[in-house]
1. Only one of these conditions is not met by Ile60: (1) within 27 Å of Phe167 (Cβ to Cβ); (2) surrounded by fewer than 23 Cβ atoms within 10 Å (Cβ to Cβ); (3) β-branched (Val, Ile, Thr). Which number is it?
2. Which of the residues that make up segment 301-327 are surrounded by fewer than 17 Cβ atoms within 10 Å (Cβ to Cβ) and assigned to a loop (DSSP other than H, G, I, E, B)?
3. Please determine, by comparing only the residues of segment 218-266 that are acidic (Asp, Glu) and within 20 Å of Val179 (Cβ to Cβ), which one is farthest from the chain's Cα centre (by Cα).
4. Name the pairs whose Cβ atoms lie under 6 Å apart, with the first residue in segment 137-160 and within 21 Å of Leu94 (Cα to Cα), the second polar (S, T, N, Q), and 6 or more positions between them or separate chains?
5. Which one of the conditions (1) assigned to a helix (DSSP H, G or I); (2) in contact (Cβ under 8 Å) with a residue 40 or more places away in the chain; (3) in contact with a Ser or Thr (Cβ under 6 Å, 6 or more places away or on another chain) does Arg262 fail to meet, given that it meets all the rest?
6. Residue under question is Arg116, and the condition is that it be basic (Lys, Arg), in contact with a strand residue (DSSP E or B) (Cβ under 9 Å, 6 or more places away or on another chain) and touching a residue at least 24 places away in the same chain (Cβ under 8 Å); does it hold?
7. Would you check which residues across segment 72-86 are part of a helix (DSSP H, G or I) and surrounded by 23 or more Cβ atoms within 10 Å (Cβ to Cβ) and list them?
Amino acid sequence: MNILITGGAGFLGQQLIRALLDRGSLDAGAGAQPIGQIVCFDQVEGAIVDSRVRNVAGSIADPATTSALVGPGIQAIVHLAAVVSGTAEADFELGMRVNLDGTRHLLEACRLAGHRPRLLFSSSIAVFGGDLPPVVTDETTPTPQGSYGIQKLIGELLVQDYHRKGFIDGRAVRVPTVVVRPGTPNGAASGFASGIIREPLAGLPAVLPVDPATEMWVASPRAVVRMFLRAIELPETAWGWHRCVNLPGLVASMNEELAALRRVGGAAATALVRQEPDPRVIALVRTWAARFETRRALAMGFTADASFDDIVQAYVEDNPAAIRPPA
Ligand SMILES: NC(=O)c1ccc[n+]([C@@H]2O[C@H](COP(=O)([O-])OP(=O)(O)OC[C@H]3O[C@@H](n4cnc5c(N)ncnc54)[C@H](O)[C@@H]3O)[C@@H](O)[C@H]2O)c1
């Protein structure tokens, strides 16, 4: 079993690769097979050193590079390479090149390879926005309000059509905002939802740019990686005609996040969070969906985190070196 992970050197890519290496096998339609090789494709080098991981550097926006990635030896593909929301909004051409053209190049590579690999596309709840019902359901029409969400929605539709034509066994998942993201802030507009936990737990100041009552639909990296694995392994028939699903998550208000931070890091940690409303971020966040009813995903066996406290606890367990008392 050989697996290609695009964007494999990124945050979720590295966590997914570690999870695959730990479990040692994957079922991509022919029963559980031992993992032979994981191709970690990214424009930057992945950090995982393991004889089963091959790092390949290049841009998914380059059709020749991308077509060379998908040979008959690749049975499963997880397509994570993307520029995130804030970056795609700030640099329209880059977002189109990577998120739209890159996805199309990868799907074309699959079509031309001719062996119908199983492909999971990591979409986003950013496909929902604007004037939404109070609760987004499986029937809510996607109405993205930004370039990133539009690129993700087009990607979903392409996966649907390449699947319909028999070029891939395609599936797509709409991922909630993933918190707590370790490391340094990235270009995601939702970055503060991680920052107000991560920075104070590292003894550093953080800014909350929105009203503390603001709610978001969130999931931990552990839960998302678990749901990615399920999305790959579910039998083709479990997806039916519609190849995309809204993933389960939790509704977390920033007040709830701060309460969880206080329970783990104490008052000294919450004192490091400064409220500094940013009208640009407030206007953007107002267009996002925060409450979902994910009946279809739950019936397919996808599961979310139990509580926001569990999310913070998992972050502390997984990132011990990032936890420091306030300076
Ligand atoms: N993290 C979240 O909250 C979240 C939520 C919804 C959806 N997603 C989606 O999940 C996927 C992974 O997200 P992440 O949080 O790990 O992001 P990330 O930014 O950490 O990883 C994306 C990776 O894609 C790579 N990449 C960018 N341009 C590339 C190019 N031209 N060629 C090759 N590689 C390129 C980057 O170098 C990076 O390593 C993305 O598709 C993202 O849109 C993430």
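1. The number of the failed condition is (2).
2. Gly301, Thr303, Ala306, Ser307, Asn319, Ile323, Arg324, Pro325, Pro326, Ala327
3. Within segment 218-266, the first condition is being acidic (Asp, Glu), and the residues that meet it are 233, 236, 256-257.
Next, only the ones that are within 20 Å of Val179 (Cβ to Cβ) stay: 256-257.
Numbers: Glu256: 22, Glu257: 20 Å.
So, considering only residues that are acidic (Asp, Glu) and within 20 Å of Val179 (Cβ to Cβ), the one farthest from the chain's Cα centre (by Cα) is Glu256.
4. Gln145/Thr287; Tyr148/Ser85; Gln151/Asn99; Lys152/Ser123; Lys152/Ser124; Gly155/Thr103; Glu156/Ser123
5. Single failed check for Arg262: (2).
6. On the way: basic (Lys, Arg): yes; in contact with a strand residue (DSSP E or B) (Cβ under 9 Å, 6 or more places away or on another chain): yes; touching a residue at least 24 places away in the same chain (Cβ under 8 Å): yes.
Yes; evaluated as a whole, the condition is true for this residue.
7. Initial filter on segment 72-86 (part of a helix (DSSP H, G or I)): 85-86.
Ser85, the sole residue that qualifies.
Yes or no, residue by residue, for (1) among the aliphatic types (A, V, I, L, M); (2) more than 10 Å from the ligand (Cβ to nearest atom); (3) in a helix (DSSP H, G or I):
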residue: Ala88; (1), (2), (3): yes, no, yes
residue: Leu94; (1), (2), (3): yes, no, yes
residue: Val98; (1), (2), (3): yes, no, yes
residue: Asp101; (1), (2), (3): no, no, yes
residue: Cys110; (1), (2), (3): no, yes, yes
residue: His115; (1), (2), (3): no, yes, no
residue: Ser122; (1), (2), (3): no, no, no
residue: Pro134; (1), (2), (3): no, yes, no
residue: Thr140; (1), (2), (3): no, yes, no
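The values are calculated or read from the model by the stated rules, or taken from the named source; none is laboratory data. Treat the numbers as computed from the prediction; the structure is a model and nothing was measured. Please note: Cβ atoms are built from the backbone with ideal geometry, for glycine as well, and neighbour counts cover all protein chains shown.
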